[in-house]
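Trainee: Below you'll find the structure I mean.
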Amino acid sequence: MALQFIVPQFIDVEDKIIGPISVRQFVLFLVGGAVVVLDYQLLYRATGNFIFFILSALVIVALTFTFAFAKVNGQQFHKFLLNVLISTKYPGLRVWNKDVNRIDYIRKVEPAAPAAPTYTKKALTPTKLTQISLVVDTGGAYHDDENVAFDLDTINRRESLYTPSGRT
């Protein structure tokens, strides 16, 4: 009897604990609320300036909602921000490979590519040009394998037929 295993599906969907809010979002809201309370203690209680407290609390709430709900290209915002910071810190390292660190990447020297071979065209000989012109002139009725010998007088007579007033 074969063993059957249950394969988990939808592993990228977070578990919801309170309505549509996941555990990660709930923790972010708790941290954002704690920062607002700390902001209240420092700005309003210590200095007595309520306007600065409200402005800074709005910025903190906006950042909290951004980190909790925003997604960029299907990634959560904090992962996207971390990727942006890493790519600005290491702009030359553009390949994602867990096993290779930056020192190995710098030490790796790529071998020089072999030079591309150069091709030269063979020049067309007068006899070959004559054969090609015969194929074109006869509409394909002339075949190269018939071994017909041509002399220069025959070729000159043919050319004089196509030039105006018979001049070459």
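Since every read-out is calculated from the coordinates, none of them should be taken as a lab result. Model, not experiment: these values are computed from the prediction. We place every Cβ from the backbone using ideal geometry, glycine too, and count neighbours over all the protein chains shown.
Trainee: Rounded to the nearest 0.05, what FRET efficiency is calculated for ALA115 and TYR90 with R0 set to 41 Å and r the Cβ-Cβ distance? Don't skip to the answer; put the middle values down first.
Mentor: Values: r = 33 Å, r/R0 = 0.81.
FRET efficiency, ALA115 to TYR90: 0.80.
Trainee: Between LEU30 and PHE5, how high is the FRET efficiency from 1/(1 + (r/R0)^6) when r is the Cβ-Cβ distance and R₀ = 25 Å? Nearest 0.05. Present the calculation step by step, with values, prior to reporting the outcome.
Mentor: Numbers: r = 37 Å, r/R0 = 1.47.
The value I calculate is 0.10.
Trainee: Separate question: Under the 0.36 nm per residue contour assumption, what length would be gained going from the current alpha-carbon distance of ASN83 and ILE51 to full extension?
Mentor: Details: separation 32, 0.36 × 32 = 11.52 nm, distance 3.49 nm.
The ASN83-ILE51 span can extend by a further 8.0 nm.
Trainee: Once both labels are modelled 7 Å past Cα along the beta-carbon direction, what's the VAL37-THR127 spacing in nm?
Mentor: Using points 7 Å along Cα→Cβ, the separation is 10.3 nm.
Trainee: Measuring from the lowest to the highest alpha carbon on each principal axis, how far does the range 17-69 reach, largest first, in angstroms?
Mentor: For the range 17-69, the Cα spread along each principal axis is 38, 15, 14 Å.
Trainee: Let me ask another. Could you check the simple spin-label distance between ASP12 and ALA62, using points 7 Å along Cα→Cβ, in nm with one decimal?
Mentor: Taking the simple label geometry, ASP12 and ALA62 are separated by 3.0 nm.
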